[in-house]
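Working notes, structure below.
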Amino acid sequence: MAEVRLPDWLKESRGEPCLIGKGGSHGFLDKTLANISAFMRETLSSGAAERPGALQGLSPKARIAGFLLLIIACSITGRAFMLIGALVIMAVAMLMSNVSAASLAKRVAPSLFFTSVIAFPVFFDFITPGASVFGVSVSGYSISVTKEGAAIALFLVLRVGVMVALASLLLLTTRQADFFKGLKELKVPHLFVTALYMTFRYVFVLLKTAEDAVLARKSRTIATGRLSEAQRWTASRIALILKKSMSYAEEVNMAMISRGFDGRLRTLKAPGMEGRDYLWLFLTLFFLFLSFGF
Amino acid sequence: MHIPDGYLSPRTCAVFFAAMLPVWYFASKRVEEGLKLKNLPLLALGAAFTFVIMMFNIPIPGGSSGHMVGSVVVSIALGPWAGVIALSLAVTLQAFLFGDGGVLAIGANSFNMAFIMSFAGYYSYRALSLGSPGHARKIAAAAAAGYVAVNLAALAVGIELGIQPVISAGTDGRPLYAPYPLSISIPAMMVPHALFLGPVEALGTALVVSYMEKTMGNDMARARGGSKPLWTALVVLAVLAPLGLLAVGTPWGEWGREEVLGMIGYVPSGMERYEGAWKGLLPDYGNESAEGIGASFVYIISAAIGSLAAVLAVYLWGKRWRK
């Protein structure tokens with residue numbers, strides 16, 4: 001039996017075995033995969049949108065218009081009780097729409113955390129001078145929380161939290177198809193709606209290409225590579241996806257022409273607005289008008 | 001870079017929507033006379049591509065990684081006007097369907113990431129690669145363009161946030177939106193972008209453009225040349241015009257009797273005769289003599305009547321539309 005000899009290049013040590021996800025120049029693969037999977041998980045799970053409920057029963061245009069009015073109202077108002085009022089409306093709407101508080105909190109938490117971090121220094125007298133609520137003094141340096149600072153910071157956190165929660169509730173109770181249908185019925189220019197819909201559709205196609213490329217790279221990786229090599233690989237994949245986008249665009253254009261597509265997004269004709277839609281619009285408009293004065 | 005809802009006043013949001021409307025309109029015209037069907041997939045896929053760019057983590061020294069915005073890559077590949085539309089589509093979709101960035105801040109976010117980044121990046125790249133540049137100069141130009149564009153956009157965000165305490169404070173003077181003044185908001189945005197995020201954008205842009213140069217030479221020619229000076233001037237004017245909404249005081253020409261008296265020393269007879277002739281159904285949203293809780297109650301009734309009238313208008317419009 002002939003002796004099998006390993007080639008010299010295979011005997012060379014090329015560093016430590018790659019521990020995917022343990023940092024080094026390969027942590028970026030896991031981070032990219034995590035980004036893609038989190039995005040897919042969040043957008044492809046329809047959640048409460050498929051369940052029966054008060055908000056889900058509204059026509060898409062009334063639902064979108066109503067939520068926009070509420071968001072505008074929360075942006076206009078300068079009073080905390082109006083924002084708390086919006087929270088109450090939201091809580092009632094959630095209960096009537098089978099939306100769990102946990103699913104909403106999951107969406108609001110990142111923005112709330114980010115805003116809390118930003119607002120934190122506002123509590124203190126070095127940013128907001130005013131009446132001290134409590135303070136500490138260490139070796140001649142003193143710092144205190146002021147009443148004015150607390151009011152400004154808490155109001156900002158409350159406003160951002162309520163506005164993000166409203167947008168999230170709209171998202172949770174609206175199927176993606178309904179969202180585009182609603183925009184169309186609200187007379188948003190059809191080319192814009194079609195372009196948005198196509199963008200939404202092809203995000204997933206391109207993300208699948210990206211995911212395949214990253215997974216393929218990860219499955220072939222047995223050792224930690226050089227940083228410059230990892231950077232070049234990432235850039236080459238981005239450039240490849242750009243090239244694919246442009247060739248897809250050509251193919252989609254030809255497919256559109258061959259099928260006689262005229263650029264208009266066709267959806268099932270929606271039934272007209274019903275009593276509950278008008279009631280929802282009345283309530284949200286009422287809240288908006290109140291916000292002008294309070 | 002995405003500004004969430006609640007940081008900008010509605011007035012600022014309105015200004016940026018008003019500023020972006022002519023830009024979107026002109027960009028769609030510029031891409032190809034009225035955004036014809038042929039360009040629709042290209043713009044949609046350009047927008048989808050920007051999503052994917054943001055997902056990719058670029059490894060950087062120290063074992064860490066960061067992601068780029070990608071506006072400059074898109075504008076170099078498709079041209080600045082197509083870049084504006086593609087990026088605006090991406091920002092809109094992110095706000096509505098993915099909860100990234102505010103719904104009311106779509107105008108401001110599009111201005112920063114689509115308009116400023118696309119144009120600053122594209123023209124920096126063009127200026128630095130004038131003549132017949134070699135591969136190395138093109139890559140250096142792309143890196144500089146990425147760095148400049150992301151820092152200019154960060155500066156714009158810093159200014160937008162920093163003017164909020166001045167233009168939208170409450171009656172007691174406390175900030176109602178982003179609370180930090182320009183002296184804090186600008187360094188807070190600029191330092192991380194100048195030191196960390198800018199170099200990541202520069203590195204990513206340079207590397208991607210390098211591969212684009214190698215593999216898509218002809219496709220890169222899609223990038224359009226400079227715009228016509230007249231149209232550029234019109235767009236700049238259109239962008240600047242709504243900034244007047246930020247001004248404080250009475251709008252020009254909407255003065256009351258006392259203000260006119262103070263300015264010119266007398267009240268013109270026509271104005272004296274007709275001022276206040278029509279006070280509206282609910283002058284000042286209610287009964288002027290009411291005070292405290294009474295005034296609030298009258299205001300609430302006014303709001304309810306206004307809401308009812310608006311819903312009735314929607315109902316009648318819907319009936320008419322369905323016929």
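The set of residues in the range B:90-119 being more than 16 Å from B:Asp5 (Cα to Cα) and either facing another protein chain (nearest Cβ under 10 Å) or surrounded by fewer than 24 Cβ atoms within 10 Å (Cβ to Cβ) (or both) consists of B:Ala90, B:Ile116, B:Phe119.
Of the residues in the range A:237-262, how many are under 15 Å from A:Tyr202 (Cβ atoms), more than 7 Å from chain B (Cβ to nearest Cβ) and polar (S, T, N, Q)? Residues in the range A:237-262 being under 15 Å from A:Tyr202 (Cβ atoms), more than 7 Å from chain B (Cβ to nearest Cβ) and polar (S, T, N, Q): 1 in total. Scan the range B:126-175 for residues that are on the phi < 0 side of the Ramachandran plot, within 14 Å of chain A (Cβ to nearest Cβ) and free of Cβ contacts under 8 Å to residues at least 60 places away in the same chain and the total you get is 9.
Annotation: A:Glu50 fulfils all but one of (1) loosely packed, with under 14 Cβ neighbours inside 10 Å; (2) without any contact (Cβ under 8 Å) to a residue 60 or more places away in the chain; (3) under 22 Å from the mean Cα position of the chain (by Cα); the unmet one is (2).
For (1) part of a helix (DSSP H, G or I); (2) within 9 Å of chain B (Cβ to nearest Cβ); (3) surrounded by 14 or more Cβ atoms within 10 Å (Cβ to Cβ); (4) over 24 Å from the mean Cα position of the chain (by Cα), each residue gets a yes or a no:
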{"site": "A:Phe180", "(1), (2), (3), (4)": "yes, no, yes, no"}
{"site": "A:Leu183", "(1), (2), (3), (4)": "yes, yes, yes, no"}
{"site": "A:Val193", "(1), (2), (3), (4)": "yes, no, yes, no"}
{"site": "A:Tyr197", "(1), (2), (3), (4)": "yes, yes, yes, no"}
{"site": "A:Leu207", "(1), (2), (3), (4)": "yes, yes, yes, no"}
{"site": "A:Val214", "(1), (2), (3), (4)": "yes, yes, yes, no"}
{"site": "A:Gly225", "(1), (2), (3), (4)": "no, no, yes, yes"}
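A:Val160 passes every criterion in (1) free of Cβ contacts under 8 Å to residues at least 40 places away in the same chain; (2) part of a helix (DSSP H, G or I); (3) closer than 29 Å to B:Leu176 by Cβ apart from (1). What about A:Leu95, is it part of a helix (DSSP H, G or I), modelled with pLDDT of 80 or more, surrounded by 16 or more Cβ atoms within 10 Å (Cβ to Cβ) and among the aliphatic types (A, V, I, L, M)? Taking the combined requirement at face value, the residue does not satisfy it. Just wondering, is there one or more residues in the range B:54-75 that are buried (at least 24 other Cβ atoms within 10 Å of the Cβ), away from chain A (no Cβ under 12 Å) and in a loop (DSSP other than H, G, I, E, B)? The answer is yes, given that some residue of the range B:54-75 is buried (at least 24 other Cβ atoms within 10 Å of the Cβ), away from chain A (no Cβ under 12 Å) and in a loop (DSSP other than H, G, I, E, B).
Across the range A:119-141, the qualifying residues are those that are of a type in the set (Phe, Trp, Tyr) and modelled with pLDDT under 85, and the one among them that is farthest from A:Leu154 (Cα to Cα) is A:Tyr141. Can you find a residue that is away from chain B (no Cβ under 13 Å) and assigned to a helix (DSSP H, G or I) anywhere in the range A:123-144? No: zero hits. In the range B:79-88 there is at least one residue that is under 21 Å from A:Ile64 (Cα atoms) and either in a helix (DSSP H, G or I) or in contact with a Ser or Thr (Cβ under 7 Å, 6 or more places away or on another chain) (or both).
The sole residue among A:Phe261, A:Phe287 that is more than 23 Å from A:Lys31 (Cα to Cα) and modelled with pLDDT under 80 is A:Phe261. Scanning the range A:20-41 for residues that are touching a helix residue (DSSP H, G or I) at 6+ places or on another chain (Cβ under 8 Å) and modelled with pLDDT under 70 yields A:Ile20, A:Gly21, A:Ser25, A:His26.
For the range B:144-151, the criterion of being over 30 Å from A:Glu148 (Cβ atoms), β-branched (Val, Ile, Thr), within 22 Å of the chain's Cα centre (by Cα) and buried (at least 24 other Cβ atoms within 10 Å of the Cβ) is satisfied by at least one residue.
The values are calculated or read from the model by the stated rules, or taken from the named source; none is laboratory data. None of the values given here were measured: they were computed from a predicted structure. All Cβ positions, even for glycine, are placed from backbone atoms using ideal geometry, and neighbour counts span all protein chains on display.
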